[in-house]
Structures are given as structure tokens and as C-alpha cells.
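*Asks:* Before we start, here is the structure in question, set down as C-alpha cells.
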């Protein structure tokens, strides 16, 4: 499979990414508590793996910078970071692709679900998909 980059997305330059990193860190402790920023840009980066910016109380804070050439790459970048790390992912994926990704990050991990079914011998599936051929139609 070939993933084509969206050439209409702007290239990410270090000063701009550093500005976004500072903004992300400065919002820490506010209502949003966001630690991940998906930045619409070409998914290429020749800058450092992490940027150091000033955080609350003038503390130095590291912000990881990763590229997301596909929704899978974006998902991996988010899941590989430690819970307290800040992360900026440069991606040209569509809003629809990213919305589906963010919806699916909520723990719908098939291995975890199957482990639970094996332990309890119980599984309830509720879906609004097709009556045949959907997840509820699987014979496990």
C-alpha cells in the first residue's frame, strides 16, 4: 500500500513547532490538560526528536515531535509515549481519518477484549452496523 502525502499541508519548521510546543505546555494545568497535539503539516521532520521549552515555574519541559504518515503511525506515536510526556504529531491525514482514530483510541483493543472473554466466558456486543458481516456476526 502506498500512502501519498497531502502536498497542500504546510511544511513544519522548527520555530513554528517550538511555538506550538510552548503553547501546549503552557496550557498544562488548565481545564484542557492536553498533552498531545496533532498538527496539520507535512509528515516530515528534520529537527530534533524532542524540543525543550519553558514550562510552569520556568521549568524545562521536553516535548516529543513525531511524524504521522498514516493514521496507524499517529496512533502508535500516541500510544508509545509515557503518560506524562508531551507530544506533537505532524500529520497530513484528513479530519475524518483523525476523528475515527481518536474514537478508536478509547480502549477498543481486540487482544484485551479477547482476554476478558477468555477469563469470564461472557461477551456482549452492541453495534449499529449491518446485521450481517459486522462485529456481532463474528463466530469466536
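Every number in this text was worked out from the coordinates using simple rules, so none of it is lab data. Being a predicted model, the structure only gives us computed values, none of them experimental. Counting neighbours? That spans all protein chains shown, and the Cβs are built from the backbone with ideal geometry, glycine included.
*Asks:* Among 13, 119, which comes first, then next, by fewest other beta-carbon atoms within 10 Å?
*Replies:* Least to most surrounded, the residues fall as 119, 13.
*Asks:* Next question, about the same structure. Show me, bin by bin at 10 Å from 0, the whole-percent P(r) of the stretch 14-106 based on Cα pairs.
*Replies:* P(r) for the stretch 14-106, in whole percents per bin: 16, 51, 29, 4.
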